[in-house]
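Trainee: Below are the structure tokens for one structure; questions will follow.
The values are calculated or read from the model by the stated rules, or taken from the named source; none is laboratory data. What you are looking at is a predicted structure, and each value in this text was computed from that prediction instead of being measured. No Cβ is skipped: glycine too gets one built from the backbone with ideal geometry, and neighbour counts run over all protein chains shown.
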Amino acid sequence: MHGTQPMGYHHTRHRVTIKTPRSIQREEMYRPTGPANLPHDVWTLIAGRTAAQSVRDLCSLRMSCTAARNAGEEDFVYRCANIPIWDQRWWSVSPMHQPGRNFLARCRQSGHLESAVSDLFLGGCHFAGMETMHVVTAQGHSAARYTLAMMLMLRDDVESKNKGLQTFRGLEAVGALTNCKLVFRGVVQGTWRHLRHLPMLNAEN
């Protein structure tokens, strides 16, 4: 009896020590590791914050892995892109910057407010600027609706004035006017900040 007890005890310990590592291995097998396994929504937020800092940094991030590249294609990321005004103008007119023009077109398609304001006030074509602003407004951007309402009310025809006034009153009804004004002021100041360095030609300018 005494001789057989150690064998049973050893057998029990043997079963426990074999089972525990296998269960740990099964848990670790399904445990995601590394940044590539982050949820797509998290990658989209990372890409958006990166785009708000630098388009160059966004390009570098998108080349880092497949998850970053896929997240960088979201409309949210293009809406966040920080594009200096002179880059927008240069990309638009230079035949050597087709990738830049493609990027701008994608920004406009996604509802990029800054590019819409640039087209409207600095692009030299009010029609194209208004078309871009309509695209941004269709994305549900309140500040774009505010800008569009102001531009419509400045027109001479009664239909446009009434449409702009209706949009303005709609924003006022939901209490969005104050925030729209602040956003629009920030966009315009950011868009025109480089123009402040231009020399004044005379006192009237």
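Trainee: In region 72-84, is there at least one residue being of a type in the set (Gly, Ala, Ser), assigned to a helix (DSSP H, G or I) and at pLDDT 90 or above?
Mentor: No, region 72-84 has no match at all.
Trainee: What single numbered condition from (1) at pLDDT below 85; (2) within 19 Å of the chain's Cα centre (by Cα); (3) surrounded by fewer than 18 Cβ atoms within 10 Å (Cβ to Cβ) fails to hold for residue 31?
Mentor: (2)
Trainee: Counting only residues that are in contact with a Gly (Cβ under 9 Å, 6 or more places away or on another chain) and not in a helix (DSSP H, G or I), which one in region 96-141 is modelled with the lowest pLDDT?
Mentor: Only one residue fits best here, namely 123.
Trainee: In addition: Condition first: surrounded by 14 or more Cβ atoms within 10 Å (Cβ to Cβ) and not in a helix (DSSP H, G or I). Now tell me which residues in region 146-190 satisfy that.
Mentor: If the condition is that a residue be surrounded by 14 or more Cβ atoms within 10 Å (Cβ to Cβ) and not in a helix (DSSP H, G or I), then 176 is the only one that fits.
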